[in-house]
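In what follows, a structure is listed as structure tokens, so that the remarks can point back to it.
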């Protein structure tokens, strides 16, 4: 097992920390906007769905799941479950979790921070991860990229 990236992990961790901190500050202190109950309920459903999706995907990946970008000698290209349609559903679940958290906390700052901090950090990680996956799997991964979207089917 060879750890490929540490920097993107730390950038992502910083983004997550800032989003959580800003969301809670907005909820407990700033209270810039109070979302209507229906929006808070939808946000909670998005948060729960994102978390359950993440648990399922971690189970699906098994030993290949790692918080760092890691390519193993016995690494396999997973193409089942949500991976049939999108290459990075774990990152999709992460976006859902943080948008859901911010919305549940009625934090417009948290929503903005998710878009401005977490999504760019995820896009950087995807770029680096796909570089290593292409090195490992070559044409097989390039063909997989052609048949799937990155984060949001069928848009992106």
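Every number here is computed from the coordinates shown, using simple stated rules; none is lab data. The shown structure was predicted, so the numbers you read here are calculated from the model rather than taken from an experiment. Every residue, glycine among them, receives a Cβ derived from its backbone with ideal geometry; neighbour counts consider all protein chains shown.
Quick notes on this one:
- Our note on the geometry: Cα centres of region 56-98 and region 12-38, 27 Å apart.
- Label positions at residue 24 and residue 45, each projected 7 Å from the Cα along the C-beta direction, are separated by 2.8 nm.
- Helix content alone sets the calculated 222 nm mean residue ellipticity of the chain: runs of n ≥ 4 DSSP H residues at -39500 (n - 2.57) each, divided across all residues, give -20000 deg cm²/dmol.
- Most mobile of 112, 95, 29 in a GNM of the chain (Cα contacts under 10 Å): 29
- Interatomic Cα distance distribution for region 23-137, bins of 5 angstrom, percent: 2, 12, 18, 20, 17, 12, 9, 6, 3, 1, 0
- Between helix 7-25 and the chain: long-axis angle, C-alpha atoms, 0 to 90°, nearest 10: 20 degrees
- Region 1-87 shape via C-alpha gyration tensor axes, a/c threshold 1.5: oblate
- Cα long-axis angle, helix 89-104 against the chain (0 to 90 degrees, to the nearest 10): 0 degrees
- Between helix 119-137 and the chain: long-axis angle, C-alpha atoms, 0 to 90°, nearest 10: 10 degrees
- Value of relative contact order over the chain, rounded to a whole percent, pairs C-alpha under 8 Å and six or more apart: 38 percent
- Pairs of alpha carbons in region 85-156 whose separation is greater than 15 Å (percent): 59 percent
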